[in-house]
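The values are calculated or read from the model by the stated rules, or taken from the named source; none is laboratory data. On a predicted model such as this, the values are computed, not experimentally measured, just so you know. Cβ placement follows ideal geometry from the backbone for every residue including glycine, while neighbour counts extend to all protein chains displayed.
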Amino acid sequence: MNSIPQSSKNKTLEMIQRLKKKIPHADLMNLVPRKDWIIFSHLLILHGRTTCQARKPLCGECVLEKLCPKIGT
């Protein structure tokens, strides 16, 4: 995920903060431009598969580590 622009990373971090607070879906959609909804969804899935794995998360390599509640660790 190193090729993602800083502005996109900042929006990702903001979205995760809102998710943690259980903000309504409509509010979350305002954080990501409509044209990026599909790619953003795919990037979150990729992050889950490569970094935030259920059985062995790579927390030390995660760009979102400071925001993560680290459930189960």
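Just checking, does region 52-66 include any residue being out of contact with any Leu (no Cβ under 8 Å at 6 or more places or on another chain), at pLDDT below 70 and surrounded by fewer than 10 Cβ atoms within 10 Å (Cβ to Cβ)?
Scanning region 52-66 turns up no residue that is out of contact with any Leu (no Cβ under 8 Å at 6 or more places or on another chain), at pLDDT below 70 and surrounded by fewer than 10 Cβ atoms within 10 Å (Cβ to Cβ).
Considering each residue of region 1-51, count those that are part of a helix (DSSP H, G or I) and either under 11 Å from the mean Cα position of the chain (by Cα) or modelled with pLDDT under 85 (or both), and give that number.
Quick first cut of region 1-51, residues part of a helix (DSSP H, G or I) only: 6-20, 25-29, 34-50.
Filter again for either under 11 Å from the mean Cα position of the chain (by Cα) or modelled with pLDDT under 85 (or both), leaving 6-20, 25-29, 40-48.
Of the residues in region 1-51, 29 are part of a helix (DSSP H, G or I) and either under 11 Å from the mean Cα position of the chain (by Cα) or modelled with pLDDT under 85 (or both).
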